[in-house]
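Each value in this text was obtained by applying a stated rule to the coordinates, not by laboratory testing. What you see is a predicted model, and the numbers here were worked out from it, not measured in a lab. Cβ atoms come from the backbone with ideal geometry, glycine included; neighbour counts cover every protein chain shown.
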Amino acid sequence: MAIASLGLAAATVGCRSETTSSPVHLDAAVVSHARAVSAWEVWDDKRCVGSVVRYDDVDRPSRGYYSVRNRDQQALGLVDFDGRAWRYRPHQRDPEWIGTGTVAHATSWILGCSEDCELVPVALDSVERDSAGASR
């Protein structure tokens, strides 16, 4: 009986399999480095409802995006330089495209506020400082 157990253990150790996977089209992926360059607070009906931070691609200045955040500096979506608005959804891998328009209109769609909202320029470091502690 001990010999049978030893044989079974040896057979089990000898069976191994390994699986590797990678994202589709990984070989075509392009890494970009973006840096924050400007910021705005979003005001609607005399109250601050969020903020917008513009990020420019360091290597290609014509590329970048606007990060739309709530008052707690949590990123809720983004607007690309072509005006396409994308909203992040809980428990979803990919953001939802919600429309195309100006940065102000797209921001209002993402935040769920009035299209009459106003983007007021603010110091970049005030928004970045707020986001360092609020998103953790």
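See the values below:
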read-out: Nearest-20 debye value, the range 32-122 charge dipole, Cβ charges on Lys, Arg, Asp, Glu; value: 260 debye
read-out: For Arg63, distant residues with modelled amide H under 5 Å away; value: Asp57
read-out: Amide H contacts under 5 Å for Ala34, placed H, 5+ residues apart; value: Val58
read-out: Charge dipole of the range 32-122 about the Cα centre (unit charges at C-beta), most positive-ward option of Ile110, Gly77, Trp43; value: Gly77
read-out: Residue-by-residue Karplus 3J(HN,Hα) for the range 23-34, coefficients 6.51, -1.76, 1.60, Hz, glycine and proline x; value: x, 4, 6, 4, 5, 9, 5, 10, 8, 10, 10, 10
